[in-house]
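> Quick one: the structure is below, and I'll ask about it shortly.
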Amino acid sequence: MACIDKLAEDILNDCVDVGKKGLDSRKAVLINIDDIDRAATTLTGATITALTLKAGTKGFNCEFYKELASVNSAFAPSTEDVDGFLHNFLCRLPTSSAVNAERAKEIANGRFVAVVETRYKGVDQKDAFKVYGIENGLKLAEMTNDSLANSGASLFTVSTEEGDVEQYPYNIYLDTDYATSKADFDAAFAQA
Amino acid sequence: MKNEARLKIIEVIKAGDKEVLKNFDFLADEFKRKTGRNVVKGCRASVRFMVLTLNYFTTMSEFKFNGRNVHYKYKNELGVQVRIKADGLTDEEALKFLKQKPERISLFSEYPKDWKELIKGDIETEAERIQRLEVEAEAVEVAKAKAEAVNSKTNQSEKVEKQIEEAENEQSDSVNSVVEDIVAAAEAEAIKAAEEATASAGSDNNSLPSKEVLLSMSLTDLRAKWPTVKATSVKTFVEKLLA
(Lines give C-alpha, C1' and ligand atoms only; values in the text may rest on other atoms or scores of the structure.)
Protein backbone atom coordinates (compact mmCIF):
# COMPACT_ATOMS: atom_id res chain seq x y z
CA MET A 1 0.00 0.00 0.00
CA ALA A 2 1.31 3.46 -0.92
CA CYS A 3 2.42 5.85 1.84
CA ILE A 4 0.11 8.73 2.70
CA ASP A 5 2.40 11.63 1.99
CA LYS A 6 0.09 14.22 0.41
CA LEU A 7 -2.86 16.27 1.62
CA ALA A 8 -6.08 14.87 0.17
CA GLU A 9 -8.65 17.46 1.34
CA ASP A 10 -8.96 21.01 2.64
CA ILE A 11 -8.53 21.91 6.30
CA LEU A 12 -11.69 23.85 7.04
CA ASN A 13 -12.79 26.22 9.79
CA ASP A 14 -16.51 25.58 10.21
CA CYS A 15 -18.35 28.00 12.53
CA VAL A 16 -21.02 25.36 13.12
CA ASP A 17 -18.50 22.71 14.07
CA VAL A 18 -16.29 24.44 16.64
CA GLY A 19 -13.73 22.82 18.89
CA LYS A 20 -14.19 22.21 22.62
CA LYS A 21 -11.71 21.20 25.25
CA GLY A 22 -12.05 18.68 28.00
CA LEU A 23 -13.27 15.15 28.59
CA ASP A 24 -16.87 14.05 29.19
CA SER A 25 -18.59 11.25 31.11
CA ARG A 26 -16.26 11.64 34.09
CA LYS A 27 -14.56 8.42 33.22
CA ALA A 28 -12.14 6.80 30.80
CA VAL A 29 -11.92 3.11 29.96
CA LEU A 30 -8.58 1.38 30.26
CA ILE A 31 -8.31 -1.90 28.37
CA ASN A 32 -5.51 -4.40 28.94
CA ILE A 33 -3.91 -4.61 25.52
CA ASP A 34 -3.73 -8.42 25.70
CA ASP A 35 -7.52 -8.56 26.04
CA ILE A 36 -8.09 -7.02 22.61
CA ASP A 37 -9.20 -9.47 19.93
CA ARG A 38 -7.14 -8.11 17.04
CA ALA A 39 -8.81 -10.36 14.49
CA ALA A 40 -12.25 -8.99 15.30
CA THR A 41 -11.16 -5.36 15.75
CA THR A 42 -11.52 -3.33 12.57
CA LEU A 43 -9.95 -0.04 11.57
CA THR A 44 -10.61 2.18 8.60
CA GLY A 45 -7.85 4.77 8.58
CA ALA A 46 -8.03 6.53 11.92
CA THR A 47 -11.53 5.23 12.74
CA ILE A 48 -12.03 2.07 14.75
CA THR A 49 -15.34 0.62 13.62
CA ALA A 50 -15.29 -2.38 15.94
CA LEU A 51 -13.32 -2.68 19.15
CA THR A 52 -13.76 -6.28 20.24
CA LEU A 53 -12.29 -7.86 23.31
CA LYS A 54 -11.65 -11.53 23.92
CA ALA A 55 -14.57 -13.49 25.32
CA GLY A 56 -15.05 -13.03 29.04
CA THR A 57 -12.99 -9.85 29.26
CA LYS A 58 -13.85 -6.21 29.69
CA GLY A 59 -12.20 -2.83 30.04
CA PHE A 60 -11.96 -1.01 33.37
CA ASN A 61 -13.38 2.34 34.26
CA CYS A 62 -11.00 5.00 35.42
CA GLU A 63 -13.25 7.63 37.00
CA PHE A 64 -12.29 11.21 37.68
CA TYR A 65 -13.88 14.48 38.72
CA LYS A 66 -13.57 18.06 37.54
CA GLU A 67 -10.93 18.27 34.79
CA LEU A 68 -8.53 15.93 36.54
CA ALA A 69 -7.95 13.61 33.58
CA SER A 70 -6.66 14.44 30.13
CA VAL A 71 -5.21 12.99 26.98
CA ASN A 72 -2.65 14.40 24.59
CA SER A 73 -0.41 13.39 21.71
CA ALA A 74 2.74 14.77 20.11
CA PHE A 75 4.47 14.18 16.84
CA ALA A 76 7.83 12.43 17.29
CA PRO A 77 10.15 12.76 14.31
CA SER A 78 13.12 10.43 14.25
CA THR A 79 16.26 10.27 12.20
CA GLU A 80 16.57 6.53 12.74
CA ASP A 81 13.09 5.18 13.42
CA VAL A 82 9.70 5.55 11.76
CA ASP A 83 8.02 8.94 12.42
CA GLY A 84 4.77 8.91 14.31
CA PHE A 85 2.87 10.16 17.31
CA LEU A 86 3.31 9.60 21.01
CA HIS A 87 0.11 9.21 23.05
CA ASN A 88 -0.43 10.09 26.69
CA PHE A 89 -3.28 9.53 29.15
CA LEU A 90 -3.19 11.29 32.50
CA CYS A 91 -5.42 10.39 35.42
CA ARG A 92 -5.28 9.75 39.14
CA LEU A 93 -5.99 7.16 41.78
CA PRO A 94 -8.19 9.32 44.04
CA THR A 95 -7.23 7.92 47.45
CA SER A 96 -4.25 6.31 49.10
CA SER A 97 -6.10 3.09 49.91
CA ALA A 98 -5.01 -0.55 49.78
CA VAL A 99 -7.22 -1.11 46.76
CA ASN A 100 -5.55 1.76 44.90
CA ALA A 101 -2.11 0.46 45.83
CA GLU A 102 -3.02 -2.77 44.05
CA ARG A 103 -4.24 -0.80 41.09
CA ALA A 104 -1.00 1.19 41.06
CA LYS A 105 1.06 -1.99 40.88
CA GLU A 106 -1.12 -3.37 38.08
CA ILE A 107 -0.78 -0.13 36.12
CA ALA A 108 2.99 -0.20 36.64
CA ASN A 109 3.29 -3.67 35.15
CA GLY A 110 0.63 -3.51 32.46
CA ARG A 111 0.13 -2.10 28.99
CA PHE A 112 -3.17 -0.46 28.14
CA VAL A 113 -5.39 1.15 25.56
CA ALA A 114 -7.29 4.23 26.80
CA VAL A 115 -10.71 5.23 25.47
CA VAL A 116 -12.18 8.59 26.43
CA GLU A 117 -15.24 10.64 25.49
CA THR A 118 -14.34 14.21 24.67
CA ARG A 119 -16.63 17.19 25.03
CA TYR A 120 -16.06 17.85 21.38
CA LYS A 121 -18.29 15.36 19.59
CA GLY A 122 -18.12 16.52 15.99
CA VAL A 123 -20.83 16.48 13.35
CA ASP A 124 -23.60 13.97 14.19
CA GLN A 125 -21.57 13.12 17.33
CA LYS A 126 -19.38 10.84 15.27
CA ASP A 127 -16.11 12.02 16.76
CA ALA A 128 -17.01 11.72 20.45
CA PHE A 129 -14.78 8.81 21.41
CA LYS A 130 -11.02 8.88 21.14
CA VAL A 131 -8.73 5.90 21.48
CA TYR A 132 -5.10 6.17 22.52
CA GLY A 133 -2.43 3.49 22.21
CA ILE A 134 -4.39 1.11 19.97
CA GLU A 135 -1.29 -0.04 18.07
CA ASN A 136 1.35 -0.41 20.78
CA GLY A 137 -0.38 0.24 24.07
CA LEU A 138 0.45 2.74 26.81
CA LYS A 139 2.85 1.99 29.62
CA LEU A 140 3.26 3.76 32.93
CA ALA A 141 5.70 6.62 32.41
CA GLU A 142 5.15 8.43 35.70
CA MET A 143 3.28 8.04 39.00
CA THR A 144 3.60 10.32 42.00
CA ASN A 145 1.94 10.32 45.37
CA ASP A 146 2.29 13.21 47.82
CA SER A 147 0.36 13.41 51.07
CA LEU A 148 0.54 17.23 50.91
CA ALA A 149 -0.72 17.61 47.35
CA ASN A 150 -3.74 16.69 45.27
CA SER A 151 -5.68 15.50 48.32
CA GLY A 152 -3.33 12.55 48.68
CA ALA A 153 -4.22 11.19 45.26
CA SER A 154 -1.68 9.32 43.11
CA LEU A 155 -1.24 11.03 39.78
CA PHE A 156 -0.12 8.83 36.90
CA THR A 157 0.61 9.07 33.21
CA VAL A 158 0.56 6.14 30.80
CA SER A 159 2.35 6.85 27.52
CA THR A 160 3.58 5.32 24.29
CA GLU A 161 6.80 3.57 25.17
CA GLU A 162 10.11 4.89 23.89
CA GLY A 163 10.87 3.47 20.47
CA ASP A 164 7.19 2.93 19.65
CA VAL A 165 5.00 5.34 17.72
CA GLU A 166 1.32 5.47 16.77
CA GLN A 167 0.35 6.29 13.20
CA TYR A 168 -2.39 8.75 14.11
CA PRO A 169 -2.48 11.50 16.79
CA TYR A 170 -5.60 9.77 18.10
CA ASN A 171 -8.02 7.16 16.78
CA ILE A 172 -11.77 7.67 16.69
CA TYR A 173 -14.07 4.94 17.97
CA LEU A 174 -17.34 4.81 16.05
CA ASP A 175 -19.39 1.63 15.88
CA THR A 176 -22.39 2.46 13.67
CA ASP A 177 -23.44 5.64 15.51
CA TYR A 178 -22.99 7.63 18.70
CA ALA A 179 -25.66 5.73 20.66
CA THR A 180 -24.13 2.33 19.94
CA SER A 181 -20.62 3.57 20.63
CA LYS A 182 -21.79 5.21 23.85
CA ALA A 183 -23.42 1.98 25.01
CA ASP A 184 -20.16 0.11 24.39
CA PHE A 185 -18.17 2.78 26.21
CA ASP A 186 -20.56 2.77 29.18
CA ALA A 187 -20.30 -1.02 29.35
CA ALA A 188 -16.48 -0.76 29.22
CA PHE A 189 -16.52 -2.86 26.02
CA ALA A 190 -17.46 -5.93 28.05
CA GLN A 191 -17.41 -9.09 25.94
CA ALA A 192 -19.42 -11.97 27.33
CA MET B 1 -45.29 -17.53 33.13
CA LYS B 2 -44.76 -20.34 30.62
CA ASN B 3 -43.22 -19.33 27.33
CA GLU B 4 -46.07 -20.53 25.10
CA ALA B 5 -48.68 -18.74 27.16
CA ARG B 6 -46.52 -15.63 27.20
CA LEU B 7 -46.07 -15.60 23.43
CA LYS B 8 -49.81 -16.13 22.91
CA ILE B 9 -50.63 -13.23 25.21
CA ILE B 10 -48.19 -10.97 23.33
CA GLU B 11 -49.76 -12.03 20.02
CA VAL B 12 -53.31 -11.43 21.20
CA ILE B 13 -52.55 -8.04 22.75
CA LYS B 14 -50.70 -6.90 19.63
CA ALA B 15 -53.59 -8.01 17.38
CA GLY B 16 -55.97 -5.51 18.99
CA ASP B 17 -59.26 -5.32 20.89
CA LYS B 18 -61.16 -7.82 18.74
CA GLU B 19 -58.64 -10.54 19.43
CA VAL B 20 -58.56 -9.62 23.12
CA LEU B 21 -62.32 -10.14 23.37
CA LYS B 22 -62.12 -13.32 21.33
CA ASN B 23 -59.50 -14.75 23.69
CA PHE B 24 -60.96 -13.14 26.79
CA ASP B 25 -61.30 -16.38 28.79
CA PHE B 26 -57.67 -17.32 28.21
CA LEU B 27 -56.43 -13.84 29.17
CA ALA B 28 -58.66 -13.73 32.23
CA ASP B 29 -57.29 -17.09 33.40
CA GLU B 30 -53.70 -15.91 33.00
CA PHE B 31 -54.52 -12.64 34.75
CA LYS B 32 -56.10 -14.49 37.67
CA ARG B 33 -53.13 -16.83 37.86
CA LYS B 34 -50.75 -13.86 38.08
CA THR B 35 -52.72 -11.47 40.26
CA GLY B 36 -55.43 -13.57 41.91
CA ARG B 37 -58.06 -11.12 40.64
CA ASN B 38 -61.13 -11.66 38.44
CA VAL B 39 -61.94 -9.54 35.40
CA VAL B 40 -65.43 -8.33 34.53
CA LYS B 41 -65.89 -8.77 30.78
CA GLY B 42 -68.54 -6.06 30.54
CA CYS B 43 -66.39 -3.45 32.25
CA ARG B 44 -64.08 -1.67 29.81
CA ALA B 45 -61.83 -0.31 32.53
CA SER B 46 -61.41 -3.78 34.03
CA VAL B 47 -60.52 -5.29 30.66
CA ARG B 48 -58.09 -2.46 29.92
CA PHE B 49 -56.44 -2.95 33.31
CA MET B 50 -56.12 -6.68 32.59
CA VAL B 51 -54.47 -5.99 29.21
CA LEU B 52 -52.03 -3.46 30.67
CA THR B 53 -51.11 -5.76 33.54
CA LEU B 54 -50.58 -8.77 31.27
CA ASN B 55 -48.54 -6.61 28.90
CA TYR B 56 -46.35 -5.57 31.82
CA PHE B 57 -45.88 -9.16 33.03
CA THR B 58 -45.09 -10.52 29.58
CA THR B 59 -42.43 -7.91 28.87
CA MET B 60 -40.88 -8.24 32.30
CA SER B 61 -37.99 -10.61 32.39
CA GLU B 62 -37.19 -13.01 35.20
CA PHE B 63 -33.51 -12.40 34.49
CA LYS B 64 -31.68 -9.32 35.78
CA PHE B 65 -28.06 -8.45 35.15
CA ASN B 66 -25.69 -7.30 37.87
CA GLY B 67 -25.93 -3.55 37.84
CA ARG B 68 -28.17 -1.22 35.87
CA ASN B 69 -27.59 -0.14 32.25
CA VAL B 70 -25.36 -3.15 31.70
CA HIS B 71 -24.55 -4.04 28.14
CA TYR B 72 -22.51 -6.97 26.81
CA LYS B 73 -21.19 -7.83 23.40
CA TYR B 74 -20.83 -11.46 22.41
CA LYS B 75 -20.69 -13.70 19.38
CA ASN B 76 -23.88 -15.63 18.77
CA GLU B 77 -24.11 -19.20 17.42
CA LEU B 78 -23.57 -17.85 13.88
CA GLY B 79 -20.37 -16.04 14.90
CA VAL B 80 -22.01 -12.62 14.49
CA GLN B 81 -21.20 -9.97 17.07
CA VAL B 82 -24.43 -9.04 18.87
CA ARG B 83 -25.36 -7.07 21.96
CA ILE B 84 -27.44 -7.92 24.98
CA LYS B 85 -28.63 -5.11 27.22
CA ALA B 86 -30.12 -4.97 30.69
CA ASP B 87 -32.62 -2.45 29.39
CA GLY B 88 -35.46 -4.37 27.69
CA LEU B 89 -33.96 -7.80 28.38
CA THR B 90 -36.36 -10.65 27.60
CA ASP B 91 -36.30 -14.16 29.01
CA GLU B 92 -35.63 -15.63 25.57
CA GLU B 93 -32.60 -13.40 24.98
CA ALA B 94 -31.23 -14.27 28.41
CA LEU B 95 -31.77 -18.00 27.85
CA LYS B 96 -30.05 -17.92 24.44
CA PHE B 97 -27.20 -15.99 26.04
CA LEU B 98 -26.90 -18.62 28.78
CA LYS B 99 -27.42 -21.60 26.52
CA GLN B 100 -24.28 -20.67 24.61
CA LYS B 101 -22.20 -20.41 27.80
CA PRO B 102 -23.92 -21.39 31.06
CA GLU B 103 -21.06 -19.87 33.08
CA ARG B 104 -22.43 -16.45 32.09
CA ILE B 105 -24.96 -16.93 34.89
CA SER B 106 -22.43 -15.10 37.05
CA LEU B 107 -23.37 -11.91 35.17
CA PHE B 108 -26.94 -12.09 36.51
CA SER B 109 -28.13 -10.99 39.93
CA GLU B 110 -31.63 -12.51 39.47
CA TYR B 111 -32.69 -15.55 37.52
CA PRO B 112 -35.30 -18.31 37.79
CA LYS B 113 -34.30 -21.34 39.85
CA ASP B 114 -34.93 -23.75 37.00
CA TRP B 115 -32.76 -21.82 34.49
CA LYS B 116 -30.68 -24.95 33.81
CA GLU B 117 -33.80 -26.78 32.65
CA LEU B 118 -35.00 -23.83 30.61
CA ILE B 119 -31.79 -23.60 28.57
CA LYS B 120 -32.07 -27.26 27.52
CA GLY B 121 -35.02 -26.79 25.16
CA ASP B 122 -35.34 -24.79 21.93
CA ILE B 123 -35.38 -21.08 22.58
CA GLU B 124 -36.95 -18.63 20.19
CA THR B 125 -37.16 -14.90 20.68
CA GLU B 126 -40.22 -12.95 19.55
CA ALA B 127 -38.32 -11.55 16.57
CA GLU B 128 -37.15 -15.03 15.55
CA ARG B 129 -40.67 -16.41 15.88
CA ILE B 130 -42.07 -13.70 13.60
CA GLN B 131 -39.28 -14.33 11.12
CA ARG B 132 -39.91 -18.08 11.20
CA LEU B 133 -43.64 -17.58 10.55
CA GLU B 134 -42.87 -15.27 7.64
CA VAL B 135 -40.43 -17.79 6.14
CA GLU B 136 -42.96 -20.62 6.54
CA ALA B 137 -45.71 -18.55 4.92
CA GLU B 138 -43.38 -17.74 2.04
CA ALA B 139 -42.45 -21.43 1.65
CA VAL B 140 -46.15 -22.39 1.53
CA GLU B 141 -46.80 -19.81 -1.20
CA VAL B 142 -43.81 -21.01 -3.21
CA ALA B 143 -45.00 -24.61 -2.92
CA LYS B 144 -48.51 -23.58 -4.06
CA ALA B 145 -47.09 -21.70 -7.02
CA LYS B 146 -44.98 -24.72 -7.97
CA ALA B 147 -47.95 -27.06 -7.71
CA GLU B 148 -50.00 -24.76 -9.93
CA ALA B 149 -47.18 -24.59 -12.43
CA VAL B 150 -46.93 -28.40 -12.48
CA ASN B 151 -50.69 -28.71 -12.94
CA SER B 152 -50.77 -26.29 -15.81
CA LYS B 153 -47.84 -28.14 -17.40
CA THR B 154 -49.68 -31.44 -17.02
CA ASN B 155 -52.80 -29.96 -18.63
CA GLN B 156 -50.73 -28.55 -21.41
CA SER B 157 -49.01 -31.85 -22.06
CA GLU B 158 -52.36 -33.62 -22.08
CA LYS B 159 -53.61 -31.18 -24.68
CA VAL B 160 -50.52 -31.69 -26.76
CA GLU B 161 -50.86 -35.45 -26.51
CA LYS B 162 -54.45 -35.24 -27.69
CA GLN B 163 -53.42 -33.12 -30.59
CA ILE B 164 -50.68 -35.57 -31.48
CA GLU B 165 -53.14 -38.44 -31.26
CA GLU B 166 -55.58 -36.65 -33.51
CA ALA B 167 -52.84 -35.88 -35.96
CA GLU B 168 -51.72 -39.49 -35.92
CA ASN B 169 -55.25 -40.66 -36.47
CA GLU B 170 -55.66 -38.33 -39.39
CA GLN B 171 -52.37 -39.49 -40.74
CA SER B 172 -53.27 -43.14 -40.35
CA ASP B 173 -56.64 -42.49 -41.98
CA SER B 174 -55.02 -40.92 -44.96
CA VAL B 175 -52.44 -43.71 -45.16
CA ASN B 176 -55.18 -46.27 -44.91
CA SER B 177 -57.11 -44.70 -47.74
CA VAL B 178 -54.00 -44.67 -49.91
CA VAL B 179 -53.36 -48.33 -49.13
CA GLU B 180 -56.94 -49.16 -49.90
CA ASP B 181 -56.66 -47.38 -53.25
CA ILE B 182 -53.55 -49.35 -54.11
CA VAL B 183 -55.16 -52.63 -53.15
CA ALA B 184 -58.28 -51.86 -55.18
CA ALA B 185 -56.17 -50.95 -58.19
CA ALA B 186 -54.21 -54.18 -57.83
CA GLU B 187 -57.39 -56.22 -57.56
CA ALA B 188 -58.85 -54.52 -60.63
CA GLU B 189 -55.71 -55.36 -62.57
CA ALA B 190 -55.79 -58.92 -61.35
CA ILE B 191 -59.41 -59.25 -62.32
CA LYS B 192 -58.68 -57.83 -65.78
CA ALA B 193 -55.77 -60.20 -66.25
CA ALA B 194 -57.89 -63.06 -65.12
CA GLU B 195 -60.67 -62.17 -67.53
CA GLU B 196 -58.19 -61.99 -70.37
CA ALA B 197 -56.80 -65.31 -69.35
CA THR B 198 -60.28 -66.74 -69.16
CA ALA B 199 -61.10 -65.34 -72.58
CA SER B 200 -58.00 -66.91 -74.09
CA ALA B 201 -58.60 -70.10 -72.26
CA GLY B 202 -62.27 -70.12 -73.28
CA SER B 203 -61.44 -72.20 -76.32
CA ASP B 204 -59.53 -74.58 -74.21
CA ASN B 205 -62.60 -75.40 -72.19
CA ASN B 206 -62.81 -78.86 -73.57
CA SER B 207 -59.25 -79.44 -72.59
CA LEU B 208 -60.08 -79.19 -68.89
CA PRO B 209 -58.37 -81.99 -67.02
CA SER B 210 -60.50 -84.71 -65.66
CA LYS B 211 -62.20 -84.51 -62.34
CA GLU B 212 -59.72 -86.90 -60.79
CA VAL B 213 -56.78 -84.80 -62.01
CA LEU B 214 -58.39 -81.60 -60.74
CA LEU B 215 -59.08 -83.14 -57.36
CA SER B 216 -55.47 -84.15 -57.08
CA MET B 217 -54.27 -80.58 -57.58
CA SER B 218 -53.77 -78.20 -54.70
CA LEU B 219 -56.11 -75.30 -54.09
CA THR B 220 -53.26 -72.84 -54.71
CA ASP B 221 -52.58 -74.31 -58.17
CA LEU B 222 -56.27 -74.35 -59.00
CA ARG B 223 -56.69 -70.73 -58.01
CA ALA B 224 -53.63 -69.72 -59.98
CA LYS B 225 -54.92 -71.49 -63.09
CA TRP B 226 -58.53 -70.39 -62.73
CA PRO B 227 -58.48 -67.14 -60.68
CA THR B 228 -62.06 -66.25 -61.40
CA VAL B 229 -63.38 -69.25 -59.57
CA LYS B 230 -63.85 -68.57 -55.84
CA ALA B 231 -63.89 -71.47 -53.46
CA THR B 232 -62.41 -72.42 -50.13
CA SER B 233 -61.94 -76.14 -50.75
CA VAL B 234 -60.66 -78.22 -53.64
CA LYS B 235 -63.92 -80.18 -53.98
CA THR B 236 -66.06 -77.04 -54.14
CA PHE B 237 -63.53 -75.44 -56.53
CA VAL B 238 -63.64 -78.44 -58.93
CA GLU B 239 -67.44 -78.60 -58.85
CA LYS B 240 -67.70 -74.90 -59.66
CA LEU B 241 -65.09 -75.20 -62.36
CA LEU B 242 -66.78 -78.16 -64.04
CA ALA B 243 -70.16 -76.48 -63.67
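The values are calculated or read from the model by the stated rules, or taken from the named source; none is laboratory data. What you see is a predicted model, and the numbers here were worked out from it, not measured in a lab. FYI the Cβ positions are ideal-geometry reconstructions off the backbone, even for glycines, and counts take in every protein chain you see. Surface accessibility is based on the protein's heavy atoms, side chains included, excluding ligands, DNA and RNA. Shrake-Rupley method; radii C 1.70, N 1.55, O 1.52, S 1.80 Å.
> What percentage of the solvent-accessible surface of chain A, computed with a 1.4 Å probe over protein heavy atoms, is contributed by carbon and sulfur atoms?
On the way: 5670 of 10880 Å².
For chain A, the apolar C and S fraction of the accessible surface comes to 52 percent.
> Return one whole number: the accessible area per residue of chain A in Å², for a 1.4 Å probe.
In whole numbers, chain A has 57 Å² accessible per residue.
> Relative to the present Cα-Cα distance, how much length would full extension add between A:A183 and A:A101 at 0.36 nm per residue of separation?
Values: separation 82, 0.36 × 82 = 29.52 nm, distance 2.98 nm.
Answer, rounded to one decimal: 26.5 nm.
> Report the FRET efficiency, 1/(1 + (r/R0)^6), for A:E161 and B:E4, where r is their Cβ-Cβ distance and R0 is 56 Å, rounded to 0.05. Present the calculation step by step, with values, prior to reporting the outcome.
Numbers: r = 59 Å, r/R0 = 1.05.
It comes out at approximately 0.45.
> If you don't mind, another one. Give the ranking of B:L241, B:L21, A:L140 by solvent-accessible surface, highest area first, calculated with a 1.4 Å probe.
Details: B:L241 25, B:L21 90, A:L140 50 Å².
Largest accessible area first, the list is B:L21, A:L140, B:L241.
> At 0.36 nm per residue, and after removing the present C-alpha to C-alpha distance, how many nm does the segment from B:E148 to B:S210 gain when stretched out fully?
Full extension from B:E148 to B:S210 adds 14.1 nm.
> So what is the 222 nm mean residue ellipticity for chain A from helices alone, if each DSSP H run of at least 4 adds -39500 (n - 2.57) and you divide by all residues, rounding to the nearest 500 deg cm²/dmol? Please list the in-between numbers first.
Values: 2 runs with 21 residues, N = 192.
Result for chain A, helices only: -3500 deg cm²/dmol.
> Roughly what would the spin-label model give for A:D37 and B:A185, points 7 Å off Cα along C-beta, in nm?
9.2
> Then there's this: Summing both sides, how much accessible area is buried between B and A? Use a 1.4 Å probe and give Å² to the nearest 100.
900
> Within chain A, which is the longest segment containing none of the trypsin sites (Lys or Arg not before Pro) that sit in a DSSP loop and have at most 16 other Cβ atoms within 10 Å?
Within chain A, the longest run free of exposed trypsin sites (Lys or Arg not before Pro) spans A:127-192.
> Which residue, A:D83, A:D164, A:D127, has the most motion in a Gaussian network model of chain A that connects Cα atoms within less than 10 Å?
Checking each option, the largest mean-square fluctuation is seen for A:D83.
> Spin-label point model (7 Å from Cα, Cβ direction): what's the A:S147 to A:A50 distance in nm?
Output for this residue pair reads 5.2 nm.
> Compare A:Y178, A:Y65, A:Y173, B:Y56 by solvent-accessible area with a 1.4 Å probe and give them largest first, with all protein chains kept in place.
Heavy-atom accessible area, descending, gives B:Y56, A:Y65, A:Y178, A:Y173.
> How far is it, in nm, from the label point at B:R83 to the one at B:K34 when both lie 7 Å from their Cα along the line to the Cβ?
Once both label points are built, they end up 2.8 nm from each other.
> What number, in percent, do you get for the relative contact order of the stretch A:81-192 if the mean sequence gap of Cα pairs under 8 Å and at least 6 apart is divided by its residue count? Numbers along the way, then the final one.
Values: 192 pairs, mean separation 38.0, N = 112.
Here the relative contact order equals 34 percent.
> Taking chain A as a Gaussian network, where each spring joins two C-alpha atoms under 10 Å apart, which residue of A:V115, A:V123, A:V71 fluctuates the most?
Highest fluctuation among the options: A:V123.
> Sticking with this structure for a sec: Per residue, how big is the convex hull of the protein assembly as shown when only Cα atoms are used? Give it in Å³.
Taking only Cα atoms, the protein assembly as shown has a hull volume of 489 Å³ per residue.
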